[in-house]
Every structure is written in structure tokens, then in C-alpha cells.
1. List the number of the failed condition for Pro439; all other conditions in (1) surrounded by 24 or more Cβ atoms within 10 Å (Cβ to Cβ); (2) farther than 17 Å from Leu489 by Cβ hold.
2. Considering only the stretch 442-452, I want to know if a residue exists there that is part of a helix (DSSP H, G or I), in contact with a Ser or Thr (Cβ under 8 Å, 6 or more places away or on another chain) and not hydroxyl-bearing (Ser, Thr, Tyr).
3. Gly102: buried (at least 20 other Cβ atoms within 10 Å of the Cβ) and either modelled with pLDDT of 90 or more or not hydroxyl-bearing (Ser, Thr, Tyr) (or both), yes or no?
4. Quick one: in the stretch 474-514, which of the residues that are assigned to a loop (DSSP other than H, G, I, E, B) and on the phi < 0 side of the Ramachandran plot is nearest to the chain's Cα centre (by Cα)?
5. Just to be sure I understand, how many residues within the stretch 253-296 are assigned to a helix (DSSP H, G or I) and in contact (Cβ under 8 Å) with a residue 24 or more places away in the chain?
6. Looking at (1) in contact with a Cys (Cβ under 9 Å, 6 or more places away or on another chain); (2) assigned to a loop (DSSP other than H, G, I, E, B), find the lone condition where Pro375 falls short.
7. Glu475 passes all but one of (1) at pLDDT below 90; (2) farther than 30 Å from Ile353 by Cα; which number fails?
8. Are any residues in the stretch 58-73 within 19 Å of Leu174 (Cβ to Cβ) and at pLDDT below 80, and if so, which ones?
Amino acid sequence: MVNALIQPGQDSDFALSGLSQRARLWLLTVACFGVLLVISSMVALNTALPDIAMATSANQTQLTWIVDSYTLVLACLLLPAGALGDRYGRRGAMLVGLAVFGAASLIPAMLSDPSVVIFSRGAAGAGAALVMPATLSLITAAYSKEERNKAVGIWAGVAGSGAIIGMLGSGGLLNFWSWHSIFWAFTVAALAIFILTLTIASSRDADAKPLDWFGALVIGGAVATLVFGILEAPVRGWTHPLVMTSIGVGLLLALAFGFVEVRQRYPLLDVRLFAVPAFATGAATITVFFLSMFGYMFLLMQYMQMILGYSPNKTAIALTPIMGPMLLLSVLSFWYLPRLGLRAVVFSGLLLIATGSLCMLGIEVGSPYWRAAWPMLVMSVGIGLCTAPTTSVIMTTAPDEKQGVASAVNDASREIGAALGIALAGSMLAGRYAKTLAPNLIGFPKSVGDAASTSLAQALEVARRLGPAGGRLSEVSKVAFIDAMHSSLLVLGIVIAVSAVVIGLWAPGRDDQQLRPVRYLLARRRGRDQD
């Protein structure tokens, strides 16, 4: 399969060349609507969790899984779902996914039991897994090699902005209606996009091979257990037996998947693609910048709501500056990527993200909004530089007949990176917050100290109930939160800076060649293997 890579100037054999420019533009529009629905649904419920808790009497664990069940099921089904789209038709996969997503979203709109909401969110994640890879592979099938990067850039920009749009939409709905309105909106949006999808052309692998069900089962289990362990880490701790076992089993299953796939006649994913520098660079960079983006959003949303006192809707509006550079640079990627090369783009992009993170270390309890806004813009430029080029190289490097699977690799990298970002930031924040706050709780009753140590939200609620005596508790809790946020930002910044160096050394340059020392070391290693 690696020999089937698209060469410069080679058009896609399965591209829908008969489509007019207007038809391709319409397909791109519908595909962007589809991915926007999937991404926005990942975060839209975050603004409604307090309302859901009061209406359903859900405990904290149930609230966590109301959000995470969607992400977990989506992540573990992406690769099999992408393969199904390649084999049976990508428009058909998108239609089935939208139907499942819409039906699953209708259930919580009418029933309010926490277990029912968790189950329906998981079912919606299964539908989203069919939709997400289909949206991108439909685009790459419809556009020629020369036009594809522009179209993928638009798709990537929309996907990158989906989280902010989801928070804005849900916050706006909650200003007028109950939390049920979010699920009604999901259902109506899925129905509308379903109707629009009926009007676009489809594509599939014309020479479809038998589906690798065993590989699908192994990789699904690998991603499911890995993501489950990562999601549970902030709650239970990284050293908890369940977390360590889940992550360990996930990594072992991933290794088993690679071992199995290289021996399959018709593999679900040719893992040798990860030996191609451009493909590996794309997947690794996507994981890192989604780790950064969701880690920062996790921290900034709490900072803006609990330190600056913003409402959920105002918080979403305050985060919108992230969208501008991200959208603009994604759309312009077709121009700067050939001129700069992949190495320079991903290295400078990740370095800007790390710089923005470190610039936030000056934020204090009394800092104004702009003190967080300009580092956000720096990070947004870095994210925007990386977003479209990394997706483009994954899709361009993969064989034509495996565009759905390649899209799923792109999407799975996003999901795993997002889960890692939230887990890393959440773990650092929780641990450092409790440790910093502990010496300042002397003089408070033990029950007050125990509650305040769990989170800043709990501390502020306890302080409110204490009346005038709660002023000191509120102050020391906010200072402890800022200190913990600084620690999280520092760790994220270091992780991303180190990743920038490692990925930059591995990535191919403008001439599609790796650095000479890297090529020399790889050649020596291949020589030893042959001996």
C-alpha cells in the first residue's frame, strides 16, 4: 500500500471528476456542516452540566460520563467506521451516522434519567463516528490534487472552530430555554444535514477488499481502553490501578493491532504508513496541538467563569478570538505550505503554541481579560498554522482507496489528543490546587476545608454559604487556583516545546526530505537490519 502513495501531479483515480465546480462547493459546504455538528457536540453540554445536575439529580461521576461517553464511543469506532465508508459508500455512511446521531439526541430531549442520557450520548457518538471520517473523505474524493488542499483547509478550519461554536450555541439556547433545548437542536440539525446530504454525490473504493473485522475489533478495543484510562486519570489519579491497567491494555492492544495488520492480506490500516515521515508527522502534530487546545480551553473556561466571573455564554464569546487566526491560516494553508514546507510549518506552529502557554504565566487573580486574550491569539496563530497542513499530508499520503481510513486516523488523533489535554491539565490542576490550598485552610472547620479542597467551584459555593466569613476562603482558593493553573500551563508549554523539537527533527522539509543527519541515522539502521 505504501507503494500506492499519491505522487506529485497525480490525480485521484476515484475523484468525482464529473462534478461541476458548484456541485463540489456544495459538497464541501454540506461536509463542513457535518463535521461542525460532530465537533460542537463534544463540548456543547459543558455549559449545561449545572442545569442537568439539578434537573436529573445526577452525581459528579454521571455528569462526567454524560460528556465522556460520546467522546469514548466516537474515538473507538472511527477507524472501523471510516473503513465502512470506503467499502460501502461515504455518503451512505454519513446518512446512517446522521440518522443514529439524531435519533440518539432525541431521547434525552424527552427523558431525563441520567443513565438514559449517558446511554444516548454514547449512541450519538457511534453515529458521529460514521459522520466524521465520511465528511473529509468525501471532500478528498471530489477535489483534484491541485484543489484538494484548499478544500481540506476550509474543512480543518471549521473543525477547529467547532468547539467554540458549540459553546456559543448551547449558551445562547440556555439563555431562553432549558437544557433539553440543546438536544432538540442536535436532533433538528442532524435532520437538516441529513436532508442536505441526500443532495450530494457519493464515492467509495471501486475495488473494495473484504473488511478486516478482526483488526477493527482490536483497534476499537485499543482506543476504547486507552481513552477510558486517560479520561479517568484526572478523577482517580494516574497511579490508580484501573487507570494504569486501562492505559496498559490499550497500548498492548495497539501493539497487537500493528503486529496483526502487517500480516493481513487486506489490512484495515497499513501501519507501514506511520513509517512515512509526512504521515507520522501529521498524526503526531494533530495529537499534540489538540492536546494543547483542549487543555488550554479546560483551564481558561474555569478561569473566566470562576475568577473573572463570566457566565458560560460570555466565556464562549471571550474565547472567540481563537477562531480568527485559526480559520484564516487554515484557508491560506495551500499558499504557505508549499513555500515553507511541512517541517517549518509544524515546528513554528507548535513553538508559537508553547510560547502562548508560557506567556499566560503572568496572569494573576486581579488580571484583566486582555492579559489572557493576547496569549490566546499567539496560540491561535500556532494552531492555525498546523491545523490544515497536518490534515492535508495525512490525506495526501494515504492511498486513494483508503481515504476514509486516513480520515479516521486524522480524527482519532484529534480525539486522543483532546482527551490527553484535558486529562493532563485536569490532573495537574487538581493536585496542585489541593496542595497549595491546604496550608491556608488552618482555622476553618474540617468539613469546610475538605469541600474547598475538591475544586474552586466547591470552595466558592462553601464561601457563599459562610457569608461574610467566606471572604478569606474565596480569596485563598482563587490564589491557589491561579497557582495550580500556572503549573498546568508550564507543563503544557514544556510538553509542546519538546514535541516541537522532536517532530521538527523528524518532519520532511520543503523538498520532502528529512534532515540529512536523520536520513544518515535511518540509513545506518536499515543497513544493520539487513546485516
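1. Checking Pro439 against (1) surrounded by 24 or more Cβ atoms within 10 Å (Cβ to Cβ); (2) farther than 17 Å from Leu489 by Cβ, the one that fails is (1).
2. Yes, that holds for at least one residue.
3. For Gly102, the condition - buried (at least 20 other Cβ atoms within 10 Å of the Cβ) and either modelled with pLDDT of 90 or more or not hydroxyl-bearing (Ser, Thr, Tyr) (or both) - is met.
4. If we take residues in the stretch 474-514 being assigned to a loop (DSSP other than H, G, I, E, B) and on the phi < 0 side of the Ramachandran plot, then Ala507 is nearest to the chain's Cα centre (by Cα).
5. Going through the stretch 253-296 one residue at a time, the tally reaches 29.
6. Only one criterion in (1) in contact with a Cys (Cβ under 9 Å, 6 or more places away or on another chain); (2) assigned to a loop (DSSP other than H, G, I, E, B) is unmet by Pro375, namely (2).
7. (1) is the only condition that Glu475 fails.
8. If we filter the stretch 58-73 for residues that are within 19 Å of Leu174 (Cβ to Cβ), which is where we start, we get 58, 63, 66-67, 70.
Residues satisfying the conditions are Ala58, Leu63.
The values are calculated or read from the model by the stated rules, or taken from the named source; none is laboratory data. Remember, predicted model here, so these are calculated numbers, not experimental data. Positions of Cβ are backbone-derived with ideal geometry, glycine not excepted, and every protein chain shown enters the neighbour counts.
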